[in-house]
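The values are calculated or read from the model by the stated rules, or taken from the named source; none is laboratory data. Remember, it's a predicted structure, so these values are computed and weren't measured experimentally. Counting neighbours? That spans all protein chains shown, and the Cβs are built from the backbone with ideal geometry, glycine included.
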Amino acid sequence: MSIPLALASGTGRFYKHSAKIIRFARHGCTNRPFFHIVVMERRKAQHQPVIEQLGTYDPFPNEHEEHLVAFNFERIRYWLGNGAHLSTPVAELLGIAGLLPIHPRTYMTAWRNRRAAEEAAAKASESGADANKAPESKEGGSGTS
Amino acid sequence: MSFGSNLRMFANKASLCCNVNKVTLELFSRCSTVAFLQYDKDPGPSFSNPDVQKLLKSMTRVQLEKVYKKRSVSDNTVEYKFMTSEQLEKQFRKAAERAEKLIQMPPIVKVKEDSQKVISRDPALTNFSNTKFVIADITYGVNSSDRKILVRQTDGTLEYAPLSIRKRINQIYFPHPGRKIRLPRMFEPEHLNRCLANFQYEFILDRACVQFDPYEKEYHEITTKVYNHINESKRFDDLRSTRHFGPMAFYFAWHQIIDDLLYDMIKQDYLKNGAELVALYYQLNGIDYDKSIHEKLETLVQPQSTIQSVLKPKASDDMHEEIKNAIGKSAEDFTADDISFEFIETFVKTKALKKVQLELALQALRETNDEKKKLYHGLKKAHGIS
């Protein structure tokens, strides 16, 4: 599958009153996703010509342990003002970026991660106690909040 | 003793020579290349002060041959054309104007410190991801320095990105031509020292201008290292007529280590520049001096514009000109030299660190100048002009 890369200003044709959505379009290659954040007609498939590219998102952290996200906030505000919808991942990212309120799903991920960390820590301290027969919980404090 | 307050040294340097008495320590740190001299207050306003700029530009001594010398760039082609003398003159004028732009000095400003500005804290977001998110606003038509770049930490804090991240992200999304995302290896100490040992000063400084912004700490460290090395090797001519000469002179004057540069200027018979350097020293260190010297020198010595040096008439009928060409100096030059002599001598007597050396150089120059003067008057008499 090869997607011709168009200008960020977009080549997609659209109706004035059709439903638009700001969403990801998967680029990159096999096993290495890279997402463009685009605005397009809601009914269209992700690899159809887009109305406009509004940013990028790299789901793999880079060598400095960072997720790189880029938004063209000016155009995003324009399209939101024109009534464009948002896909959940984009809404989550916009919440993380501070443009919108934090998406509920981000909070869900957060407490699920915290709970998993707590459980893992408890399990580790338990198994450690079993193995040593001496309760020396040195990593018991991690993941609590 | 007052000089010591504006000098800061590396801690190890200070501990090395703590048993030496204070005066020697000061002298030592002023002349040593190891000491990294910092600006104790913002040098930006002083550097962009029009008077200072004028002095620095005059000291640079622009020569078109050096500004337009062959460089190690991909395109070094030369185009040959037939032209009338008017067209040629026009081209020279254009070239001189372009040279003015090419030797614009990179500014010296103070190091910008990181300030943490938090936008929001949200403890409920703790652990929402394993890694932090860096969010860049790529809206068109925004300046790199004004661009909003934010970081969402894994504990849910949303804050403005520190300078190091800002620089990297700006370079990723809006690359600056010639600048690298990772630090070029030539700026690592071992390679930098090798470059310095080969006296590739202009190369290092040019590349530092591209790679760093003037407010970065690395820029200050590298440039001061180069300037100190030049001060030690005394190869000031390498930077003369480049855009780095002004900042170098500014650095020396600010940190009161102008002796070697002044000695070089006296030796090369650039007395006017020497007087300007001393004036710059006085101005940057808040010492009062007679400012009328600038006017005096300016009325006597016309600022040698870059165009005039190129469009010099080959032969002239004027006897004055002929004598001047034979000796290299005119009557005005001699009086200007006398004024500069006096000005520099007072500096050498009161403030200089290498008094003996400078006095000897002044003495030698004065003698040759006297001889030239005699010759000048003799020639004038022989030609029957008074």
| Of residues in region B:325-377 being basic (Lys, Arg) and part of a loop (DSSP other than H, G, I, E, B), the one modelled with the lowest pLDDT | B:Lys329
| field | Options B:Gln104, B:Gln53: the member that is exposed (fewer than 14 other Cβ atoms within 10 Å of the Cβ), modelled with pLDDT of 90 or more and within 19 Å of B:Phe250 (Cβ to Cβ) | value | B:Gln104
| said: Every residue in region B:253-264 that is more than 17 Å from B:Asn49 (Cα to Cα) and without any contact (Cβ under 8 Å) to a residue 40 or more places away in the chain, please. | reply: B:Ile258, B:Leu261, B:Asp264
| Cβ-Cβ below 7 Å, separation at least six or inter-chain, first residue in region B:352-367 and surrounded by 15 or more Cβ atoms within 10 Å (Cβ to Cβ), second of a type in the set (A, V, I, L, M, F, W, C) and not in a helix (DSSP H, G or I): which pairs? | B:Leu358/B:Ala352
| If you check A:Trp111 against the conditions, is it more than 27 Å from A:Ser18 (Cβ to Cβ) and either more than 10 Å from chain B (Cβ to nearest Cβ) or of a type in the set (Phe, Trp, Tyr) (or both)? | yes
| Residues of region B:370-386 that turn out to be in contact (Cβ under 8 Å) with a residue 12 or more places away in the chain and over 12 Å from B:Lys329 (Cα atoms), as a count | 4
| said: I'd like to check something: does region A:23-38 contain any residue that is hydroxyl-bearing (Ser, Thr, Tyr), on the phi < 0 side of the Ramachandran plot and in contact with a helix residue (DSSP H, G or I) (Cβ under 8 Å, 6 or more places away or on another chain)? | reply: no
| query | Is it the case that B:Phe82 is within 14 Å of chain A (Cβ to nearest Cβ), among the aromatic types (Phe, Trp, Tyr) and part of a loop (DSSP other than H, G, I, E, B)? | reply | no
| task | Being touching a residue at least 40 places away in the same chain (Cβ under 8 Å) and under 26 Å from the mean Cα position of the chain (by Cα) narrows it down to one of B:Lys117, B:Lys101, B:Lys54, B:Lys66, so name that one. | result | B:Lys66
| remark: Selection from region B:149-175 of residues in a loop (DSSP other than H, G, I, E, B) and either more than 10 Å from chain A (Cβ to nearest Cβ) or crowded, with 17+ Cβ neighbours inside 10 Å (or both) yields B:Gln153, B:Thr154, B:Gly156, B:Thr157, B:Ala161, B:Pro162, B:Phe174, B:Pro175
| note | Going through (1) at pLDDT below 95; (2) among the β-branched types (Val, Ile, Thr); (3) within 12 Å of the chain's Cα centre (by Cα) one by one, B:Ile230 fails only at (1)
| Could you list, in sequence order, the residues of region A:80-127 that are under 22 Å from A:Asp58 (Cα atoms), surrounded by 14 or more Cβ atoms within 10 Å (Cβ to Cβ) and of a type outside the set (A, V, I, L, M)? | A:His85, A:Ser87, A:Pro89, A:Glu92, A:Gly95, A:Gly98, A:His103, A:Arg105, A:Thr106, A:Tyr107, A:Thr109, A:Asn113
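Name the strands (runs of 3 or more DSSP E) wholly inside region A:1-66 in which the number of residues that are of a type in the set (Ser, Thr, Tyr) is 1 or more.
The qualifying strands (runs of 3 or more DSSP E) are A:52-57.
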| query | For B:Val111, all conditions in the list (1) within 12 Å of chain A (Cβ to nearest Cβ); (2) touching a Phe, Trp or Tyr at 6+ places or on another chain (Cβ under 8 Å) hold save one; what is the number of the exception? | reply | (1)
| field | Residue list for region A:77-119, restricted to those being among the β-branched types (Val, Ile, Thr) and in contact (Cβ under 8 Å) with a residue 40 or more places away in the chain | value | A:Val90
| field | Residues that are at pLDDT 90 or above and in contact with a Lys or Arg (Cβ under 9 Å, 6 or more places away or on another chain), drawn from region B:68-99 | value | B:Met83, B:Gln87, B:Gln91
| query | Quick check, is B:Lys132 surrounded by 15 or more Cβ atoms within 10 Å (Cβ to Cβ) and facing chain A (nearest Cβ under 7 Å)? | reply | yes
| query | Would you pick out the residues in region A:67-98 that are away from chain B (no Cβ under 11 Å), assigned to a helix (DSSP H, G or I) and of a type in the set (Gly, Ala, Ser)? | reply | A:Gly81, A:Ala91
| The listed residue being more than 10 Å from chain B (Cβ to nearest Cβ), under 23 Å from B:Ile149 (Cβ atoms), at pLDDT 95 or above and out of contact with any Phe, Trp or Tyr (no Cβ under 6 Å at 6 or more places or on another chain), out of A:Pro101, A:Pro61 | A:Pro101
